[in-house]
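Take a look at the structure set out below.
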Amino acid sequence: MAKRFRTALLSLLIPSLFACDADSGRVAQIALDPGQTRAYRTACAACHARPDIGAPLTGIDADWRERRKKGIEGLLVSTVNGFRGMPPLGTCGLCSENDFRALIRYMAGLP
């Protein structure tokens, strides 16, 4: 649990490009622009950087492996409509479609 927490905390504090590392279980992440980084920190990280919430943790391969099978379009639909405990738009009412696509790619490790 401590390793997951530490990894989630790094995801919150340092949104940047990470190389895939099989030992760490991390996925490659795209770089976010400053506005998307702010959106991640204020909306997404509230759930996706907290291991006790149940949401898939940002950059954690095992958490996103099955979800990535939906592809970017399927994950975008889930984000816009809400999915399970995630509210519609993931609490980011000011995010554009481009922002959502970048944030999904960042969190899920999609190219």
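Bear in mind that the values in this text are calculations on the coordinates, not laboratory data. The shown structure was predicted, so the numbers you read here are calculated from the model rather than taken from an experiment. Please note: Cβ atoms are built from the backbone with ideal geometry, for glycine as well, and neighbour counts cover all protein chains shown.
Straightening the chain between residue 65 and residue 38 buys 7.2 nm, computed as 0.36 nm per residue apart minus the Cα-Cα spacing.
Within 10 Å, count the other beta carbons around each residue, average over each peptide in 78-90, 40-52, and list them highest first. All intermediate terms of the calculation are to be shown ahead of the outcome.
Details: 78-90: 14.8, 40-52: 18.8.
Final packing ranking: 40-52, 78-90.
Relative to the current alpha-carbon distance between residue 94 and residue 50, full extension at 0.36 nm per residue lengthens the span by 13.6 nm.
In order along the stretch 82-98, phi translates into HN-Hα couplings of x, 8, 6, x, 7, x, x, 6, x, 6, 10, x, 9, 6, 7, 4, 4 Hz, rounded to whole numbers, per the Karplus curve 6.51 cos²θ - 1.76 cosθ + 1.60 with θ = phi - 60° and x for Gly and Pro.
When a footprinting reagent is the concern and you count Cβ atoms within 10 Å, what order do 75, 94 take, fewest first?
On the way: 75 23, 94 11.
The order, fewest Cβ neighbours first, is 94, 75.
One decimal place: the segment residue 81-residue 31 gains 15.5 nm when fully extended, by the rule 0.36 nm per residue minus the C-alpha distance.
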